[in-house]
Structures are given as C-alpha cells and as structure tokens.
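Accompanying notes for the structure given below.
The values are calculated or read from the model by the stated rules, or taken from the named source; none is laboratory data. Predicted model only: the values in this text are computed from it and were never measured. Positions of Cβ are backbone-derived with ideal geometry, glycine not excepted, and every protein chain shown enters the neighbour counts.
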Amino acid sequence: MEVFLQTLVAGILKGGLYGLIGIGMTLIMGVMGIINLAHGQLMMVGMYITFVCFHYLGIDPYFALLVSMPALFLLGVAIQKYTLNPLIEVESILPENQVLMTVGIGMVLTEVARFIFSSDYKSVQTSYSSSSFFIGEISFSLALTIAFFIAVAFTLFMFWFLLRTDLGRSIRATAQDKDAALLMGVNAQRITILTFGIGSALVAAAGTLLMPIYYLFPDIGGPFTRKAFVITILGGLGSTVGAIFGGLTLGLAEAFGATYIGMAFDDMIGLVIFILVLIFLPSGFKRITKV
Amino acid sequence: MMRKLRKITFILFLVGILGVFLASGALAEGIKVGIILPLTGKLAKFGEIEKKSFDLAFEEINAAGGVNGKRIDPIIEDTTGKPDVGRSAIEKLIARDKVVMVGGGYSSSVTWATIAVAQQRKVPFLVNTGSADKITEQGWEYIFRLNPPVSEYPKGFASFLQNVATDVKTVAILHENTLFGQSGSKKFKKQCEKSLGLDVIMKEGYEAGAVDFKPLLVKVKSKKPDLVYMVSYIMDAAMLIRQSKELNLNPKLFVGGAAGFTLPEFQKSTGAAGEYIFSATLWTPSVPYPGAKRYFDKFVARYGTPTEYHGAEAYAAAYVIADALKRAKSLTPRAVRDALAETDMMTVFGPVKFISYGKKTQQNRLPTFLVQWLNGKLETVWPKEVSTAKYVYPFPKWNER
Amino acid sequence: MKRFAPFLLLVILILFPLLVRDDYHQHLMILVLMWVVIGAGWNVIAGYTGQVSFGDAAFFGTGAYTAGLFATKLSISPWWAMAAGGVAAMAVAFPFGWICFRLRGAYFALATLALNEVMRHIATIWEDLTGGMVGILIIQTFVSKVPYYYIALALAVAAVIGVQAVMGSKWGYYFVSIREDQDAAESLGIDTHLYKMISLNIAAFLTGMAGSLYMNYMGFIDPEVVFSLHDISIMAILVGIVGGVGTVYGPVVGAFIMVAVHEFFRTGFFGFFKGLAALTGSQAITTLAKYVMQAHVLGFGILVVVVILVLPNGIVGDWKKITGWLPLGGGRRSAA
C-alpha cells in the first residue's frame, strides 16, 4: 500500500510540472499548427538563467521566475518574428519547413549554451533541495510540492487569461480558425508572436521550478521536448485543461510504469501511450473535456 | 570593370587560403603522437579533463628534456563521441600526420572503432579509458590497455564485504542502461551469487537522466535490502541519494560502482546527503601511488577545477607513452609496440605492466579501492593498508543523524 | 554540359581510390556515399511523397542490427545481411507506416520520431538479443578501404538510379501527387495509403542497406550509435534539405556538403586556423581556432537555419539563386 501511495504522489507531483511544460507547447501548436521541436531547449535556456541568477546574483529560484519568464518571453517573440514568420512567405516544397526550422533553432540554442557554460553539469543547491515532509509514511519532496502548486496557479491563471481577456479570446479564436479570426479583425501575425512568447515564458517557468531538484547541462532539452509533445497530443491541441490532464497522465503513467513494470521502461511508456493516443484518440482528451 | 575586379579579389582570396593551408602542413618537428578524445558533444566534459591532463603531462615531459632530447608533439583530435568520426580522426592521424602511436579513445564504442584501425594499420594504441572487457580480448598485438576493464571495478569492494560487512545478506542493484551500467551490474550480480554468497533480490536498469527515481526507490525500500549497489553517472547518482534521503531509505550500505559517486560534482549537488556514501573506485588523489596528490594539486593550480580518475588515467598514459618512446630502438610503430610491451613502471595511476590473464592480453592489472565520503571529503577506507580514514559502517540512518 | 555532368561525376568517383590513395580521404568518401544512400531514401518518402520522417534511424538501426546479429547469432557473413538488412527494415516499415500514415504533416513527423525512440529503447533493453548497450562487435572483412569504397559506391549509384527510375514511373507521379494535395490525389482514385506505404518501404530498404554497410564497415554498433535521433534521423533530414528536397541529385550534394562541413569544423577548417596561428604566432588566433573547432555543431545549426531561410529548396533546388550570387559564373548555369 505504501508503495502504491508513494507512487501515486510521485506521479501527481511530477505531472503538475509536466502540465506546465505542456501548456506552453499546446498554445504554440494550437495557434500556429506547428510543432515546436525546440521547446525543451527553450526550457534549458530558462534553467540556465535561473542558474545564473542563483549562482552569481544569489537570487532564489522562486524569485528567478521574475527574470527567466520575461527573458524567455522576449526570446520566444524574437524567434517567432525573425525566423518562423518569414517562412510563411518563403515558397518551398515542404510545408514542414517551420518544424525543421525549430530543430535548427534547438541545435543553435544547445550549442550556444555549451559555448558559454561548457558541458559541465550544473545544479542549484538551495536549503530545501533535498528536504521533505511526511504525511503518514508517505514522503513529499518540499521543492516538488511547491513547484506543483505554483504550476497549478499558473495553469489556472492561463485558463482565466484565455477565457476572460480580449487577448486570450483572440488567441483562442486564432487557434480555432485562423481565417475567421482574420476576418474578425484579429491581427494573426501579432497573435502568433505573442503566443510563442507566452509559450516560451511558461516553459521557462517549468524549468525554473525544476531547478532546485534537478540538474542542468546543455543537452537536457531533447527529452523534455519529447515529453512536451506527448503531453500535448494526450491533452489535445490548444487545450489548457487538456495539457493538465496530459501532464498528470504522463506523470502517473511514468511513475506507475517505473514501479510496476520497470524503471528502464520509463521513457518508453510515455512514447507508447503517445502512439496509442494518436491511433485511437486522435484529438486527445480534448474530445472528452471539450475545453 | 566592377565585375572583373570582383573576380580578381575572389581568386586572390582563394589563393590566400591555399597559402595558409600549405603553411600549416609544414609545421611540427618533434615525435608525433596522436591522441583521440571527445572534445565536443555529450562526452566533452570528461574528454576535456583528459585533454588537460595530457597537455599537462606532455608539457612536463618536454620541459624535462623530452624523449632523448626530442620533443613530443601530441596531436589531439576530436571524436565528438561518435565512432565514425573517431575513425575519421584516427585515419587522419595515421595517414596524414604519420604518428608513431595513438592514445586516448574514451568511450568504448569509439575506442573499439578506432583500435580496429590501429591494429590493421599496425600502429600501437594505448587505451586509457574504454572499459569494455572485449577490447583486450581479441589478442591484438598492437592494442594495450592501461585501465582495468569494467568487470574488475568492484574487486576492492568484494574484499570489504568478505572482511567487514559480513552481516550483509541481501543486495539490490540499480544501474543505468549504458554499456558501463549494464555490464558492470551484470558482473557484480554474478560475483554476488557465485563467490560472495549474497542474495540479489532486485536488479533494475533505468534510463539515465530521469527526473524522479522515487518509484524505483520505493520498491527498493519495500524489499529492505542490506546493500544498495548503484552503477550511475554523477547526476543520476546525486538524484538517487537525495531521493533516498527524502524517502528515508536505510540499508546497511550504500555503494556506488565507480563512475559518478566519486566526482566533486556529486558532493556539490548532494551536500550533506552525500555523507557516508561508499563507492568503488580506481583512483582518488589519496591513493598510495607516488605523485598522485601532486598531480591533483598541479591540475587544480593550473586549471582551477578539480580532476578525477579519467584525468589520472590520461596523465599516467602520457608518461607511459613517453617511457615507451624513450626505450624504443627506433621511432617506428613496430619498435614502439615492442617497447610498450615491455613497459614496467610506476605512474600516478598505479604500476603499469601489460600482461595476459584469462582471455585478456596486454592488459594492465590494477587493484581497486573503496572510498567513502566523510566530512565532505573522499577518503580511501579499504584495503586497510592504504586507507586514509576509518570507515563508518553500518550506514547511519537518515532520520537519526 | 548538363547532360554529361552525372557521367563525369561517376567517372571521377570510380577513379577516386586510384587517384587518392590516402585512407583518411577514402574513409570520408565512404561516409559520403553512405549518406547518399540514406539521403536518397529519405528523399523518396519526404522529398517526393511529402511525408517528413524523423524516424530514419529506426530503419538504419534495424539494418545495422540485422547484419550484426547475422554475424554474432547465426554465424553467417554479415555481407549477406546487406540485402537482409534492407528487407528487415521493410518489415519494420510496415507497422511503422500502418501507425504513422493515419496522421498527417506535423503529426506524422512526431509519430515517426516517437517510434524511432521506441526502437532505440527496445534495442537497449532487450539485452539477450542485442547485447544492450554493450553493442555488437564484429571483425571487419577487409583491411583496405577500397572494397568498402566500391561497395558503397555501387550502393549509392544504385540508390540514385533506382530513385530516378521510380520517380520516372507511374509510382513517382502518385508520390508527387500525394505531396502536392493528398485529398485531391485520393479523389482521383489513388490509393494514397498504399503508395505512401510503397514509398516508405523504398526509403526503409535503402536506409536499411546503408545500416548494414555501416555495421560491416565500422565493425561496432550500439543502440545509441545506430538508433540516434540526432546523428542519424536528423542528419538524414539535413542531408535532404541542404542538398535539395525532391531532386535526384540533392542527396548527393547534401551528403557531400554535410560530411565535408562536419570534418571542416572538426579539424578547424582543415588546419587553416592552426596554420594561421603558426604564421602570425598570435595567441588570439589560437584561442579562436579552439572555439571554432568546438562550435562545429553550432555551425551545423546555423547552416540549417540559414539554408531554410535563404534556400528553402536546398542547394540543388535553388541552384540558380546561388549562381546568381557568386562573382564567378554569373548565373548562366542551371540546376544539375
């Protein structure tokens, strides 16, 4: 029983963070209809910013959110404006040029990070990094629990933002039907730029929250990019609530898989679920949740 | 007119580049030794430490008069950690630079791809890091290995189990799914069951880089093993220990199978949680070999970062290379090979002598050590004759510290 | 000129080992030829049929492992596995296609990427069959590079001619029509699923053969090497897009450029910087050389970004654009 409960807790806490990673991706994919294969790499940049803040400026990771998020917002805006949007006008045989471009951007980000910080492993050791509290026999990692609640707060905020603000409504409109949105007077170009910025800022937040319990090196982006698209497909494109469900599902699946099948299958479980969902539930949980 | 001018500048530019290429060919006059290392890519971190150690050693050797008055000119090539690129590198070293011998290699896959070329071209290759057992099991006469193969890493620890931790009965083995983890854990499991009479109640691999090891550790906790043996790289090692603390997992012994548990980053990222953790190891600055500590201090003074066993392997390899070149009757690959085969010397990494035993040929045989983190310092605790501190056993429970 | 260029190239390639006797350059050329085969395969499914695959390594690895297992488990010469590797890769391609062809565009790309990773995990975890990360090790048949060179050349020539033949046939038209407008193709009565499957199988066969060649030539494989997303799948895409998507000679140009650029950066512009540093004796240039050599992947990344932005159809596809920029030539030549 203890094993079961502990696995459940581990899965949910991790799932909260995954959700945050997924929301950024789902917005980008929903609005622009492209996959951002540099998503994990953007998170990596956010993590390095957190590291620099902590290590050189002595800023606690939770306050570093105030630095990493705006910084990544600007980076995302720049990427969309100067590399992805111009591609819409370029004539080429393959429509996937934007996706390939994000691969190139991911490589550039990784290598620039390696250039500046070398391949060394970096970590942020706060006083609470390996502390935990117990409820009964079940252990809760302090940092992960805090991260979970901040992630949930961000998610709720995004939910409110998308539903209740004009900008949020424009983003949703663009995601649903770009042409119709254009007719309604939405500046689609501006919306895609803003969305990429917001998506980047959100994944930066996830990276920053992960920093106290995880570690960092330039190649860390790849696996998280993969997780991000698994979450997004699970949740359904452009669906915030879906991303949370997707994140939790992936977190729980990984945790239970690791406990009851084997830790070696950790990554594979996510990928297999991903393929199954693609085949049997192509629009993800969006089909069930309708949001 | 403009067009013509542009054409001329373009041609001049090409000629200029060509000139520099020709100039670059006419360099270097010492004894050329090729070193192949991963200097970019995922393995760059350790490749860089080895490169710095090679540089340090060759500078010392050259400053002390080189080899019979001649300088050694190491030509260091980057393999990027990929076998096909490693092969490009060694082909270039042999065909274009005409080196008398090659060293380095690093990862087993690159090492394998490159030693095959060295053997075919009859150029001696001194392996100093690649740890796959097969490397010296081919009977190849041009291939020498300085470091012990992965299957021998836990030797020192086994004697600790037999002599001190005799109440250990059950074992859980966790390992990363890499060459190092898979083969190291398999050999250790066999050793536990066959010669140590221990019960392996769990053996599980994981993909390096996991965010959360708790599901795995919870399983370990529920099985209550006496010994948890882990073959992991630095950051996974740190995560495993930190999360064991969070879960209050208390076996009698936590032992790392070399690699990650002895590196400075491990201590940095576990903090107090790293205390009392044991690890099997090949080398630490406190090993009883002459110059080991001096090498460590020199490295830190020169580069400002600590070094570890990969660096010591490289540093020792450089001295073995210089020694063989000194003794070689002529500076041909064949003569250098013969000189290498007769190597018998002391290095910072231990005594070096290439012998044949079991299936292996031209393999250096070294003892391994057991170390423990005590007061934030890595102390050698076993074998007793060479220990720098008394071991702490059993492991003090997390919640009772 | 245009008509004879391929023959001229072929003659040069056949004479190459006789003219350049140094192993280093022969090795690089073998790699180039291997990438020509992989690039040609990728070009069929992605360039002509429009299904951008991120999973080429799944086929490459299958081919390589087939050859490796032939040698270690069955004690059959791994050369027999050249054909078998291609067939095994096709066997993987069927479920692969069955899963992925339900999806379009970016989703297809993601699914192939995921399957690529699944294959790598299987090869890692299934230690009894594959040896896990310990990998498979065989002793190469030949000491000299020349036999490998000609085998690779034969394979590359067969791949390019084969692809050209296929594209000139009925199948080729179907492939392109699927790329241009899948729905229209379907409404014209083309069984798009079938032809996508055929296209994928051609790609898989070629890539699998290249994988077997890799095993034979390199003598060592492990899952991270042959199922690598970055070093195989994405490299295949880069060969394709840099050379020119949907062109017969695109993969040839792409393979040559990618291998050359890689080696160029790795050796610090073939020793250019070292020479410059030695000539001027300047410490700054030595440091610069070090950074340049470290930045070879960065160079790759920037190359990709620039090529997509400036030459979206690759070097062969946008050849006119390039000749327009160069001071020599002046845009008279057209695409090869």
Has the range B:58-73 got at least one residue that is surrounded by 24 or more Cβ atoms within 10 Å (Cβ to Cβ) and not aromatic (Phe, Trp, Tyr)? no
Quick check on this structure: which one of B:ALA272, B:ALA237, B:ALA280 is within 13 Å of another protein chain (Cβ to nearest Cβ) and at pLDDT 85 or above? B:ALA237
All conditions in (1) more than 14 Å from chain C (Cβ to nearest Cβ); (2) over 21 Å from C:VAL305 (Cβ atoms) are true of A:VAL31 except (1)
Flag for B:LYS42 being assigned to a loop (DSSP other than H, G, I, E, B), closer than 18 Å to B:GLU308 by Cβ and among the charged types (D, E, K, R): yes
Selected residue (only one of A:ILE93, A:ILE23 is of a type in the set (Val, Ile, Thr) and under 22 Å from A:PHE159 (Cα atoms)): A:ILE23
Can you find even one residue in the range C:64-80 that is in contact with a Ser or Thr (Cβ under 6 Å, 6 or more places away or on another chain) and either free of Cβ contacts under 8 Å to residues at least 40 places away in the same chain or away from chain B (no Cβ under 14 Å) (or both)? yes
Which of (1) over 16 Å from the mean Cα position of the chain (by Cα); (2) more than 9 Å from every other protein chain (Cβ to nearest Cβ); (3) not small (Gly, Ala, Ser) is the odd one out, the single condition B:VAL85 does not satisfy? (2)
Quick one: which helices (runs of 4 or more DSSP H) sit completely within the range A:194-291 and have at least 1 residues that are modelled with pLDDT of 85 or more and under 30 Å from A:VAL3 (Cβ atoms)? A:221-235, A:240-260, A:266-280
Any helices (runs of 4 or more DSSP H) falling wholly within the range B:230-305 and containing at least 2 residues that are within 22 Å of B:PRO367 (Cβ to Cβ) and either of a type in the set (A, V, I, L, M, F, W, C) or in contact with an Asp or Glu (Cβ under 7 Å, 6 or more places away or on another chain) (or both): B:292-303
Checked A:LEU87, A:LEU13, A:LEU5, A:LEU37 against criteria (in contact with a helix residue (DSSP H, G or I) (Cβ under 6 Å, 6 or more places away or on another chain) and over 29 Å from C:HIS296 (Cβ atoms)); the one match is A:LEU13
Residue within the range A:64-86 that is surrounded by fewer than 18 Cβ atoms within 10 Å (Cβ to Cβ), assigned to a helix (DSSP H, G or I) and within 7 Å of chain C (Cβ to nearest Cβ) present: yes
Restricting attention to the range B:194-207, report how many residues are more than 10 Å from chain A (Cβ to nearest Cβ) and in contact with a strand residue (DSSP E or B) (Cβ under 6 Å, 6 or more places away or on another chain). 6
In the set A:ILE59, A:ILE12, A:ILE34, which member is in contact with a Cys (Cβ under 6 Å, 6 or more places away or on another chain) and surrounded by fewer than 24 Cβ atoms within 10 Å (Cβ to Cβ)? A:ILE59
When residues of the range A:114-144 are limited to those that are touching a Phe, Trp or Tyr at 6+ places or on another chain (Cβ under 6 Å) and of a type in the set (A, V, I, L, M, F, W, C), the one surrounded by the fewest Cβ atoms within 10 Å (Cβ to Cβ): A:PHE133
Filter result (closer than 17 Å to C:SER199 by Cβ and not in a loop (DSSP other than H, G, I, E, B)) within the range C:234-252: C:ALA236, C:ILE237, C:GLY240, C:GLY250, C:PRO251
Going by the conditions given, is C:GLN51 out of contact with any Ser or Thr (no Cβ under 6 Å at 6 or more places or on another chain), over 25 Å from C:ARG120 (Cα atoms) and not aliphatic (A, V, I, L, M)? no
Of these, B:VAL287, B:VAL300, which one is β-branched (Val, Ile, Thr) and either at pLDDT below 85 or in contact with a Cys (Cβ under 8 Å, 6 or more places away or on another chain) (or both)? B:VAL287
Check off (1) touching a strand residue (DSSP E or B) at 6+ places or on another chain (Cβ under 7 Å); (2) buried (at least 23 other Cβ atoms within 10 Å of the Cβ); (3) modelled with pLDDT under 70 for C:MET293 and give me the number that stays unchecked. (2)
Where B:SER53 falls short, out of the listed (1) of a type in the set (Gly, Ala, Ser); (2) more than 14 Å from every other protein chain (Cβ to nearest Cβ); (3) touching a Gly at 6+ places or on another chain (Cβ under 9 Å); (4) part of a loop (DSSP other than H, G, I, E, B): (4)
Could you list all residues from the range B:197-244 that are among the acidic types (Asp, Glu) and within 22 Å of the chain's Cα centre (by Cα)? B:GLU207, B:ASP236
Being in contact (Cβ under 8 Å) with a residue 24 or more places away in the chain and facing another protein chain (nearest Cβ under 7 Å) narrows A:VAL99, A:VAL108, A:VAL152 down to just A:VAL99
Screening C:ALA5, C:ALA46, C:ALA57 for residues that are closer than 13 Å to C:ILE202 by Cα and either out of contact with any Lys or Arg (no Cβ under 7 Å at 6 or more places or on another chain) or within 14 Å of chain B (Cβ to nearest Cβ) (or both) leaves only C:ALA46
Only residues that are in contact (Cβ under 8 Å) with a residue 12 or more places away in the chain and surrounded by 22 or more Cβ atoms within 10 Å (Cβ to Cβ): list them for the range B:47-57, please. B:GLY47, B:ILE49, B:GLU50, B:SER53, B:PHE54, B:ALA57
Can you pull out every residue in the range B:45-66 that is among the β-branched types (Val, Ile, Thr) and out of contact with any Asp or Glu (no Cβ under 9 Å at 6 or more places or on another chain)? B:ILE61
Selection count, the range B:216-229, where residues are away from every other protein chain (no Cβ under 13 Å) and either assigned to a strand (DSSP E or B) or aliphatic (A, V, I, L, M) (or both): 3
So for the range B:380-387 (the condition being touching a residue at least 24 places away in the same chain (Cβ under 8 Å), under 25 Å from the mean Cα position of the chain (by Cα), over 23 Å from B:PRO264 (Cβ atoms) and assigned to a strand (DSSP E or B)), does at least one residue qualify? no
Sort out which residues of the range A:92-139 are farther than 30 Å from C:MET235 by Cα, of a type in the set (S, T, N, Q) and more than 21 Å from the chain's Cα centre (by Cα), and write them in order of number. A:GLN125, A:THR126, A:SER127, A:SER129, A:SER130, A:SER131, A:SER132, A:SER139
